[in-house]
1. Regarding the stretch 55-66, can at least one residue be identified that is more than 13 Å from the chain's Cα centre (by Cα) and of a type in the set (S, T, N, Q)?
2. Would you point out the residue of the stretch 137-154, among those that are surrounded by 14 or more Cβ atoms within 10 Å (Cβ to Cβ), of a type outside the set (Lys, Arg) and free of Cβ contacts under 8 Å to residues at least 40 places away in the same chain, that is farthest from residue 21 (Cα to Cα)?
3. Give the stretch 29-73 a look and list any residue that's in a loop (DSSP other than H, G, I, E, B) and not small (Gly, Ala, Ser), or say none.
4. When the stretch 49-75 is examined, which residues are found to be among the aliphatic types (A, V, I, L, M) and surrounded by 18 or more Cβ atoms within 10 Å (Cβ to Cβ)?
5. Find all pairs meeting these conditions: Cβ atoms under 8 angstrom apart; at least six residues apart or on different chains; first residue within the stretch 92-118 and farther than 16 Å from residue 65 by Cβ; second residue assigned to a loop (DSSP other than H, G, I, E, B) and among the aromatic types (Phe, Trp, Tyr).
6. Which of the residues spanning the stretch 86-96 are modelled with pLDDT of 95 or more and either exposed (fewer than 15 other Cβ atoms within 10 Å of the Cβ) or among the aromatic types (Phe, Trp, Tyr) (or both)?
7. I need every pair where a residue in the stretch 38-49 that is farther than 24 Å from residue 69 by Cα and touching a residue at least 24 places away in the same chain (Cβ under 8 Å) has its Cβ under 8 Å from the Cβ of a residue that is of a type outside the set (S, T, N, Q) and exposed (fewer than 11 other Cβ atoms within 10 Å of the Cβ), sequence separation at least 6 or different chains.
8. Of the residues in the stretch 133-165, how many are in contact with a Leu (Cβ under 9 Å, 6 or more places away or on another chain) and among the aromatic types (Phe, Trp, Tyr)?
Amino acid sequence: MVIVKIPLDLYDARMSNQDFDFIFGSWKVHNRRLKEPLSGSSEWIEFDSTYFARPVWGGLANIDEYEALESPWGEIHGMTLRLYDTKSEQWTIYWANRNNGKLDPPMTGAWKNGVGEFYDQELFRGRMIYVRFLWMHESENTARWEQAFSDDGGKTWETNWIMEKERVS
């Protein structure tokens, strides 16, 4: 597989089907996850994982594999499928966990000024909430992903999972 690296200063709306090209390859990941989201808790759990991403469909989609073998929640084996819609110029992101064997409802969004923002609504503890993913990358060898929940219609957000990624290859 050949991975083409695009200089960070070339990322803009005209190249949005290449927004996620920076994640292609292998990464080690340090996770910080809030123990009890939307409960007022400030206790964070930390653990490490691995991550591998690759393009499909000539870059209009990509797929990754996430693996945390020692987390407080047991082993986590996940997969993300990202699809780019050339008409809307937005990405749709699907997550699947090996434990349930199905794709979760999709997140939808786009990149602007070097930050990817993606949203959906999900059922959490019996009620619907908003969920937000933020993607950031400051160099070819580092990336950050954050997940946040809002139970007040998006007025306030509680970040509950942070992944700091460092490229392995």
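1. From the stretch 55-66, those more than 13 Å from the chain's Cα centre (by Cα) are 55-61; that's our starting set.
Filter once more, so that each one left must be of a type in the set (S, T, N, Q): none.
No, that holds for no residue.
2. Checking each candidate, the answer is 150.
3. The first filter runs over the stretch 29-73 and keeps only residues in a loop (DSSP other than H, G, I, E, B), leaving 35-43, 60, 69-73.
Answer for the stretch 29-73, where residues must be in a loop (DSSP other than H, G, I, E, B) and not small (Gly, Ala, Ser): 35, 36, 37, 38, 43, 60, 69, 70, 72, 73.
4. Taking the stretch 49-75 and keeping what is among the aliphatic types (A, V, I, L, M), we get 53, 56, 60-61, 63, 68-69.
Those that are among the aliphatic types (A, V, I, L, M) and surrounded by 18 or more Cβ atoms within 10 Å (Cβ to Cβ): 53, 68.
5. From residues that are farther than 16 Å from residue 65 by Cβ, the pairs are 111/11; 114/11; 116/20.
6. If the condition is that a residue be modelled with pLDDT of 95 or more and either exposed (fewer than 15 other Cβ atoms within 10 Å of the Cβ) or among the aromatic types (Phe, Trp, Tyr) (or both), then 91, 94, 95 are the ones that fit.
7. Final answer for the pair search is 38/125.
8. Count: 3.
The values are calculated or read from the model by the stated rules, or taken from the named source; none is laboratory data. Fair warning: this is a prediction, and the values are worked out from it, not measured in the lab. Every residue, glycine as well, gets a Cβ built from its backbone with ideal geometry; the counts of neighbours run over all protein chains shown.
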